[in-house]
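Input: a single structure, listed below in structure tokens.
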Ligand SMILES: [Zn+2]
């Protein structure tokens, strides 16, 4: 019996039985990994997890997933194509009684706009902005810091109400959006990620003069960039999702526009709803009739929808499954909905878990309060993802590190997370099978190298970036910086 179990686990880890493992709690613990964890310090564990082949990042906002230094250099590079930017570095008290609760508050430093929009401001307001290239070193540092949640007082409101408002016109340039795809693919490939399914901003594109551009302009720029040799050879697959800001008055029209585009374009695989869920103008069942109507007219599209990223116990996850979602983004409050938990156990639906996001946006006070380990060990398919990792200054490796540190994951569980992310991806079936086979082979080779020669053999080239989150929280920092 024991031999049979061992064989079943081996099969699960590397092939035949692994589809079942994705949805089944794994009780076995590979002794070699337990022994490694027992003797490894944080640096060794992080290096292992960085080099370890991983599945996909299924929950990734391209705009929030980009690091400030990428925006900075791409904004300056956009000058070649006529895109010039200015950012607000002072408040001249040009007006009183401004709407500070709109999407564009007046009292907001480092709000970045196009030169064209700046030229249309009155003289007083023009004096509040400086060209990016003219910022002093201190202003430039503050511009970067203003896009990252790195202070104890920053949390949900800073993220939802300030970060996105600051970026504003930065996302107008289709080439910049395409380059964000390129940078993401390179960085994810470097940490062993095999697939990226990103929510891409295609409905905010414009010319340098502010004339709206169709989403097809963004698609063309992204596809052209993907064909360039530095990306074409990368061992990572890529697909796009479109997102709809759920609480706006025109969300139904935005949904229709996104759904119709996704139905036409094969590399757009899903539609998502985004935006803070504690704004109940975007409650899930608002979209029940519109989605049924869209399915009738365009056919069924895959849906991955944010739900349960909220403090209040409610039935948003159940309601979102009723919308037709195959995947749930976050699902933090699913733990309070026993009927839906039972329905999802061993089920076909996956919860995209974003540990760092949920901590920094205060949906949990401590990682120990997160329901992720219960979902995983109760048998609900889950995968780790990064959400807006540019704003956390983190990586997918950080998510795995947090999971192992706080929940003592087994190697079987690590493997199940990666395999679940691929089996629940919205890749076409043939490509999904190919990516899974590559992932399994890469993981097997990694484990073989590790078992024969230790970390030095398994990860000889691993140069983890140690970004801000992991440096601040765990003192894993680049050699030249301190937390
Ligand atoms: Zn998200």
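All of the numbers you see were taken from the coordinates with simple rules; none came from a lab. Remember, it's a predicted structure, so these values are computed and weren't measured experimentally. With ideal geometry, Cβ positions are generated from the backbone for all residues, glycine too; neighbour counts draw on all protein chains shown.
As an exercise, use a Förster radius of 41 Å and the Cβ-Cβ distance of residue 120 and residue 322 to find the FRET efficiency, rounded to the nearest 0.05.
Working: r = 45 Å, r/R0 = 1.10.
So the FRET efficiency works out to roughly 0.35.
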(message) Run the paramagnetic zone check for residue 100: 7 angstrom along Cα to Cβ, then residues of the range 359-389 with backbone nitrogen under 11 Å.
(response) none
(message) Taking 37 °C and 0.692 mPa s as the conditions, I'd like the Stokes-Einstein D for the chain in µm²/s, using the Kirkwood hydrodynamic radius from alpha carbon pairs.
(response) 141
(request) For residue 374 and residue 224, compute 0.36 nm times the residue count separating them, minus their Cα-Cα distance, and round to one decimal in nm. (result) 49.7 nm
(message) Place a point 7 Å from the Cα of residue 140 along the Cα-to-Cβ direction; which residues of the range 84-118 have their backbone N under 19 Å from it?
(response) 84-90, 110-113
(message) Once the cut-off is 17 Å, how many percent of the Cα-Cα pairs in the range 315-354 end up in the long-distance tail?
(response) 13
(message) Given contacts defined as C-alpha pairs under 8 Å and at least six residues apart, what's the relative contact order of the range 115-223, whole-number percent?
(response) 26
(message) Give me the percent relative contact order of the chain, please, defined on Cα pairs under 8 angstrom at least 6 residues apart.
(response) 22
(message) At a 10 angstrom cut-off on C-beta neighbours, averaged per residue, how do the peptides 325-333, 175-183 rank from highest to lowest?
(response) 325-333, 175-183
(request) Highest first, please rank the peptides 97-108, 433-444, 454-465 by the mean number of other Cβ atoms sitting within 10 Å of their residues. (result) 433-444, 454-465, 97-108
(message) On a full-extension model of 0.36 nm per residue, what is the gain between residue 463 and residue 79, subtracting their alpha-carbon distance, rounded to one decimal in nm?
(response) 135.0 nm
(message) I need to check one value: relative contact order of the range 84-167, counting alpha carbon pairs closer than 8 Å and at least 6 residues apart, in percent.
(response) 38
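Roughly speaking, what is the stretch gain from residue 429 to residue 32, that is 0.36 nm per residue apart minus the C-alpha to C-alpha distance, in nm to one decimal? The partial results should precede the final answer.
On the way: separation 397, 0.36 × 397 = 142.92 nm, distance 3.34 nm.
The residue 429-residue 32 span can extend by a further 139.6 nm.
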(message) At a 10 Å Cβ-Cβ cut-off, how would you order 116, 408, fewest neighbours first?
(response) 408, 116
(message) Taking just the alpha-carbon atoms of the range 84-167, what radius of gyration and Dmax come out, in angstrom?
(response) 12.8, 37
